[in-house]
Amino acid sequence: MFIDEHIREMMVNDPIEFIRLNNDSIVEKVIESFKKRSEAGFKKYGTNLDRKDLSILEWLQHLQEEMQDAILYAEKLKEEHEEELQTEYKLLKVKKVNLKSPFGNMAFDNLNKVSLKYSLDGTEITIEIL
């Protein structure tokens, strides 16, 4: 078995062990956070997400409410830091943009403002900022 086949098999069969072996501290931190959240939820509600007493509609309602909370948190942070974010944005000046794609290469110099669309089809965008 080639190494890449072994890695692929491990990723599919035991993704947690794969992550631990690859020492991805960010992923491990997120996993630990999920575990703590699950424990807190169990302490608060006496159940976990394996529960079978909710309908699809009720699960969707919970999801919708959580997403609404997330939007409120984002709006709060935007409001609290709007001036700071605007100032940081104004300080950025783009010096050069190189665009490499299957359709050809392009370069733009001495730009004050750049607007580019991208996709995940192999297009590579490099932006140098002063």
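Residues in the range 31-38 carry Karplus couplings, in order, of 4, 4, 4, 4, 4, 5, 5, 4 Hz; the curve used is 6.51 cos²θ - 1.76 cosθ + 1.60 with θ = phi - 60°, and Gly or Pro positions show x. Our coupling estimate for the range 57-63, obtained by passing each phi through the Karplus curve with A = 6.51, B = -1.76, C = 1.60 and θ = phi - 60°, is 4, 5, 4, 5, 4, 4, 4 Hz, Gly and Pro reported as x. Under the shape rule built on the C-alpha gyration tensor, where the axes satisfy a ≥ b ≥ c, the range 1-50 is oblate, since a/c reaches at least 1.5 while a/b does not exceed b/c.
For the range 80-86, 3J(HN,Hα) computed residue by residue from phi via the Karplus equation (6.51, -1.76, 1.60; θ = phi - 60°) reads 5, 10, 4, 5, 4, 5, 4 Hz, glycine and proline entered as x. Sorting the segments 48-59, 28-39 by their mean number of nearby beta carbons within 10 angstrom, highest to lowest, gives 28-39, 48-59.
Quick note: the coordinates plus some simple rules give every number you see, no bench work behind them. Small disclaimer: the values here were computed from a predicted structure and weren't measured. Every residue, glycine as well, gets a Cβ built from its backbone with ideal geometry; the counts of neighbours run over all protein chains shown.
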